[in-house]
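To start, the structure itself, in structure tokens.
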Amino acid sequence: MANLRTVSALLYNPQGKVISQLRDDKPGLMFPAHWSTLGGRIEDGETPDEAMRRELIEEIEICPPVTFWRMFEHQFVSNGNSYDVDIYVYVGAIDLEIADIHLHEGQRLAYLDVSDIDKLSFAFGLDHLYREFFATHDHRAGSHL
């Protein structure tokens, strides 16, 4: 069983929707054409904060201010292999239209809300992060949870 450490960004817009990435559809890629958070593996010698900044810059060229939210101990199975993952999740606001964000990894970006979670296929079982986020956060302008 592989043990991994990763970072995930849950960046929300003024309507309270979270930006998500549709992964590439390439042979050999885990979970091709599935939705995912922005983020990735923490490299050796890197802190979660450093990894989050690096991943956002690599994937969308910007790193809006993010705050560490919580760490999830997560498990998933891919191609018959089981993985234990510590996911360091960061949250932050982003006030950009999708067309104004330069994506370097994946097919496209979209803003998702809680009603989208059951309709889409998520990589690595990351729908769990979205569900927890929407259950505990409401960042729409003027809303309080």
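Return the residue satisfying two criteria in turn: it lies in the range 69-102 and is polar (S, T, N, Q) and open to solvent by less than 50 Å² (accessible area, probe 1.4 Å), and of such residues it is modelled with the lowest pLDDT.
The first filter runs over the range 69-102 and keeps only residues polar (S, T, N, Q), leaving 75, 78-79, 81-82.
Applying the additional criterion that residues be open to solvent by less than 50 Å² (accessible area, probe 1.4 Å) yields 78, 82.
Details: Ser78: 86, Ser82: 90.
Filtering the range 69-102 for residues that are polar (S, T, N, Q) and open to solvent by less than 50 Å² (accessible area, probe 1.4 Å), the one modelled with the lowest pLDDT comes out as Ser78.
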Unmet criterion (only one of (1) part of a loop (DSSP other than H, G, I, E, B); (2) open to solvent by less than 40 Å² (accessible area, probe 1.4 Å); (3) not polar (S, T, N, Q)) for Leu4: (1)
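Which one of these is within 22 Å of Glu132 (Cα to Cα) and within 12 Å of the chain's Cα centre (by Cα): Gln75, Gln15, Gln21? Talk me through it step by step, then tell me what you get.
Values: Gln75 fails: within 12 Å of the chain's Cα centre (by Cα); Gln15 fails: within 12 Å of the chain's Cα centre (by Cα).
On inspection, the qualifying residue turns out to be Gln21.
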Being closer than 17 Å to Asn79 by Cβ and without any contact (Cβ under 8 Å) to a residue 40 or more places away in the chain is the filter here, so list the residues in the range 10-60 that pass it. Lys26, Pro27, Gly28, Leu29, Pro32
Hits in the range 103-134 (condition: under 15 Å from Lys17 (Cβ atoms), without any contact (Cβ under 8 Å) to a residue 12 or more places away in the chain and open to solvent by 70 Å² or more (accessible area, probe 1.4 Å)): Lys119
Look at the range 10-22 and say how many of its residues are crowded, with 20+ Cβ neighbours inside 10 Å and either touching a Cys at 6+ places or on another chain (Cβ under 9 Å) or over 15 Å from His137 (Cα atoms) (or both). 2
Matching residues in the range 30-62 - criterion: being under 21 Å from His128 (Cα atoms) and either open to solvent by 30 Å² or more (accessible area, probe 1.4 Å) or among the polar types (S, T, N, Q) (or both): Met30, Phe31, Pro32, Ala33, His34, Ser36, Thr37, Arg41
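The values are calculated or read from the model by the stated rules, or taken from the named source; none is laboratory data. Nothing here was measured: the structure is a model prediction, and the numbers come from that model. In this analysis, Cβ positions are derived from the backbone assuming ideal geometry, glycine residues included, and neighbour counts consider all displayed protein chains. Quick note on the areas: whole protein, heavy atoms, side chains included, nothing else; ligands and nucleic acids left out. Shrake-Rupley method; radii C 1.70, N 1.55, O 1.52, S 1.80 Å.
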